[in-house]
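The values are calculated or read from the model by the stated rules, or taken from the named source; none is laboratory data. Keep in mind that what you see is a predicted model, and the values were worked out from it rather than measured. Here Cβ is always computed from backbone atoms with ideal geometry, including for glycine, and neighbour counts include all displayed protein chains. For the accessible areas, the whole protein counts, side chains as well, though only heavy atoms, and no ligand, DNA or RNA atoms are used. Shrake-Rupley method; radii C 1.70, N 1.55, O 1.52, S 1.80 Å.
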Amino acid sequence: MSARLTDRVVQLMRAMSVEEKIGQLNMLTAGLVTTGPGDPANYLEALKAGRLGSLFNLFGRKQVRDVQRIAVEETRLGIPLIFGYDIIHGHRTIFPIPLGEAAAFDAALWERTARIAALEGAAEGLNLTFAPMLDVSRDPRWGRIAESAGEDSWLTSLFAKAKVKGFQGDDVKSPLSLAATAKHLAAYGAAMAGRDYAEVEISERALHEVYLPPFEASVKAGVAALMPAFTDMDSIPLTAHVAILRDIVRRQWGFEGVIISDYNAIAELIAHGIAADLTEAATLALKAGVDIDMMGHAYVQGLPKALQSGAVTMDLIDQAVGRVLMLKEQLGLFDDPYRDAAANFDHKARRVEYRDAALDAARRSIVLLTNRNNVLPIRQAPRRVAILGPLANAQAEMLGPWSGAGLIEDMVPFLPGLRAAWPQSEILHTAGVDIEGGDLDGIAAAVDMARRADLTILCLGEQRFMSGEAGSRGRPDLPGHQAELAKAVLDVGKPVIVLLSSGRPLAVTDLIERADAVLATWFLGSEAGHAVADVVTGLWNPSAKLPVSWPVDVGQIPVFYAHRPSGRPKLSDFRYESKYLDLPNEPLFPFGHGLSYTRFTYSGFSASPSELRPGNKVTLDVTVSNEGEVAGEETALFFMRDPVASVSRPVLELKGLAKLTLAPGQSQTVTVVLTTADMMFPGQDFASKLEAGEFLFFVGSSAREETLLKASVRLVR
Ligand code: GLC
């Protein structure tokens, strides 16, 4: 996004009063949905008085048009509004939550679903979304892990590029595009103890190595806006963090787009204890480079005083106003404030296409965690099947925690999806228990059905708002009395397949070890029931992989694959090694884990040339074979390790992936080409550094080290 001002913007700014300029920095909620504290201000009064530049939480063609008409026709300068909304995983057509969609390891899919979301959002008057969320998340207690692409910085960077392209299209000026907002800059996912909004204590190295790269990737992809996190970093709230927002984001990365505060975050600098009042809060945020005050009322109330006292200059205000007006220019709003082409876009003709995309995304997000004795797929429809549990017919839960404008009635839950797949089967159903609370009275009926059935599908997990914002759980296990239901049904002794709906990995090891098969189904959106049925019946061979490590127990958290080796790595049973006395070090399932109905093997891995110099490429080749009876999709993951460097490096780092579709018996050689730039890391001063020496490369299906093939190259100066 370029911020060199157009003549129109220059002229406009010359005509604007100070109050009108500050008004352009003010964003208010229209209150159609609630996404934060405080009552929706009377935004129409602010608009007519020239104190409003953008509005969020309002959608609907007519509703938006009516307000935009006031902005264009009833204000002194007729400056059009930006209309924003949280379109995180779909607008009307709902796709899997981002953590689920990340499991597809498929950038083309991520772009496609964002594109559809943009079309549907633009059709309802929106021109900006507060997405993608790019917070690397390694703590399943944190509810917002649901909105993330998981634990890996490289995968989240790939996700960033795909989502920005999907939302913004080839030109954000198109009425069929939305300006994307990469959020929440940065390290929000490291909130202390997984508790939302809590302090963040990470090293500057982790900031540079893990948490910033996805945001830099979004800036390189041309993202229109950034949103700082609510949290602090090294005791400085991101909303006032000059070193990150100005020095790194604007100066080093050259970001010229708009920085939008999170909801009331500028005013919350007071609660953080770095501002005494709104004037000081507004001063700190503006100096840090925050352009738009979302629902903080700090700029409108505080900047006039700050200007008067000399705490801020008119030039600083003008810089922010210029960026906001240039975003409106880049969105084409001055020439086409109503973006009618978006409304006239024939969505009805596309509904089938959108639902097909939702089905495809949902299928590709389902992770087959276990499949004992290949109990899945159920190729022959069972005579009598019990579909039990509080998530079996949970239509609302399929929306997930950030469901955009999705309608509950549009969701297909598991029960109807499975009924449609097995029309001749006798289906027994009861929830047995509530998702949380309730009592044990319904368990007997559930057990009776399990006894009478040939097979039980047990649908367990979370309510959708047990994750997402403010959805942290200190004990991320089965809520309510679900564990009692599971035990009673498993005690019947017949085959039990568990469908686990959640916004995070759940610490439910006993359940997973007792069930015959377990599918991680996250919250799958509009086509949840059909996607699950396609996987259970084998119509779709599951291909998804975990984008986050799955803990044995909450006591392991944070547990992730790209950890450093420690001076006493666990190598044996010797006491003085890095381990627990009562838990394993390894997660229950590693990053990248995901079973298939077929079996893939890897062979012939090579890295060439064996010796390379700075600027050279390194070519990684591997042959993947389908050794099973059915076709399937595999994603080969390519990792790297720098075993000796000037700083301790992670034991593995994901550096590439290759997707293959293989028929039974088919083999294919895939190649990933890296450059020495991929072998760099932040040096002592956090500038990218390339060091000579040996580099190890690995390839395999997951980050389970003992399963990986290895090759090495030597970098010489
Ligand atoms: C919320 C969230 C942010 C969202 C914003 C607007 O508090 O933190 O992700 O985009 O407010 O709804």
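How much net charge surrounds R51 when only the other residues with a Cβ under 14 Å from the Cβ of R51 are counted, with Lys and Arg +1 and Asp and Glu -1?
Its environment carries a net charge of -2.
If r is the Cβ-Cβ distance from S610 to I236 and R0 is 45 Å, what FRET efficiency results, to the nearest 0.05?
0.45
Just to confirm my numbers, what's the Cα centroid distance between the stretch 355-419 and the stretch 588-663 in Å?
Cα centroid of the stretch 355-419 versus Cα centroid of the stretch 588-663: 30 Å apart.
What angle do you read, to the nearest 10 degrees and between 0 and 90, between the alpha-carbon axis of helix 443-452 and the longest principal axis of the chain?
50 degrees
Hey, if you drop one equal point scatterer on each alpha-carbon of the stretch 257-377 and run the Debye formula without solvent, what base-10 log of I(q)/I(0) do you get at q = 0.10, 0.19, 0.20, 0.22 Å⁻¹?
With no solvent term, the Cα-only Debye profile gives -0.58, -0.97, -1.03, -1.15.
Residues of the stretch 355-556: accessible area per residue at 1.4 Å, in Å²?
Per-residue accessible area for the stretch 355-556 comes out at 32 Å².
Along its principal axes, what span do the Cα atoms of the stretch 600-715 show, with the longest given first and each in whole Å?
Projected onto the principal axes, the Cα atoms of the stretch 600-715 cover 52, 24, 19 Å.
Given a Förster distance of 35 angstrom, what is the FRET efficiency for S646 paired with D335, based on the Cβ-Cβ distance and rounded to 0.05?
0.05
How much accessible area per residue does the stretch 251-349 have, in Å², with a 1.4 Å probe?
37 Å²
Taking the Cα atoms only, what angle lies between the long axis of helix 153-168 and the longest principal axis of the chain, rounded to 10 degrees?
Helix 153-168 and the main axis of the chain meet at about 60 degrees.
Computed over the Cα atoms, what is the radius of gyration of the chain divided by 2.2 N^0.38 Å, N being its residue count?
0.97
Whole-Hz ³J(HN,Hα) for each residue in the stretch 418-427, computed from phi via Karplus 6.51 cos²θ - 1.76 cosθ + 1.60 with θ = phi - 60°, x for glycine and proline: what do you get?
Result, rounded to whole Hz: 6, 4, 5, 7, 10, x, 8, 7, 8, 10.
Any idea what the dipole of the stretch 355-556 comes to, in debye rounded to 20, about its Cα centre with Lys/Arg Cβ at +1 and Asp/Glu Cβ at -1?
The dipole of the stretch 355-556 has a size of about 620 debye.
Please compute the net charge surrounding E329, taking Lys and Arg as +1 and Asp and Glu as -1 over other residues with Cβ under 11 Å from its Cβ.
In short, +3.
Please give the charge dipole size of the chain, origin at the Cα centre, charges +1 on K and R Cβ atoms and -1 on D and E Cβ atoms. Round to the nearest 20 debye.
With Lys and Arg at +1 and Asp and Glu at -1, about 1160 debye.
I'd like to check one number: the per residue accessible area of the stretch 600-715, probe 1.4 Å, reported in Å² as a whole number.
42 Å²
What GluC sites (Glu not before Pro) does the stretch 179-263 have in DSSP loop regions with at most 16 other beta carbons within 10 Å?
E199, E201, E256
List, largest first, the extents of the alpha carbons of the stretch 132-192 along their principal axes, each in whole Å.
Largest first, the stretch 132-192 extends 41, 18, 16 Å along its Cα principal axes.
So if each residue of separation counts as 0.36 nm, and I subtract the Cα-Cα distance between A271 and T34, what length gain in nm does that give?
83.2 nm
What length, rounded to one decimal in nm, is gained on full extension from M314 through to S572, with 0.36 nm per residue of separation minus their alpha-carbon distance?
Value of the extension gain: 86.4 nm.
Counting only chymotrypsin sites (Phe, Trp or Tyr not before Pro) that are in a DSSP loop and have at most 11 other C-beta atoms within 10 Å, tell me the longest site-free stretch of the chain.
The answer is 1-573.
What's the ranking of 287-296, 563-572, 23-32 by average number of surrounding C-beta atoms within 10 Å, highest first?
So the peptides 287-296, 563-572, 23-32, ranked by packing, come out 287-296, 23-32, 563-572.
Taking the alpha-carbon centroid of each part, what is the distance from the stretch 34-73 to the stretch 248-325 in angstrom?
Going from one Cα centre to the other spans 21 Å.
How big is the accessible area of I202 in square angstrom, nearest 10, if you roll a 1.4 angstrom probe over the protein chains?
I202 has an accessible surface of roughly 40 Å² with all protein chains in place.
Can you give me the Cα centroid spacing of the stretch 183-242 and the stretch 123-151 in angstrom?
The stretch 183-242 and the stretch 123-151 have Cα centres separated by 13 Å.
According to the square roots a ≥ b ≥ c of the eigenvalues of the Cα gyration tensor, what is the shape class of the stretch 355-556, taking rounded for a/c under 1.5, prolate for a/b larger than b/c otherwise, and oblate for the remainder?
Since a/c stays below 1.5, the shape of the stretch 355-556 is classed as rounded.
Set the bar at 19 Å for Cα to Cα. Now go through K220/K545; K173/K328; K545/K659 and name every pair that lies beyond it.
K220/K545
Just need the relative contact order of the stretch 244-355 here, percent rounded to a whole number, with Cα pairs under 8 Å and 6+ apart.
24 percent.
Report, to the nearest whole %, how much of the accessible area of the chain belongs to carbon and sulfur atoms, 1.4 Å probe, protein only.
Within the chain, the accessible surface is 50 percent carbon and sulfur.
From Cα pairs below 8 angstrom and at least 6 apart in sequence, can you work out the relative contact order of the chain, rounded to a whole percent?
13 percent
Once the Cα atoms of helix 298-309 and of the chain are each reduced to a long axis, what angle between those two axes, in degrees from 0 to 90 to the nearest 10, is obtained?
The angle comes out at about 40 degrees.
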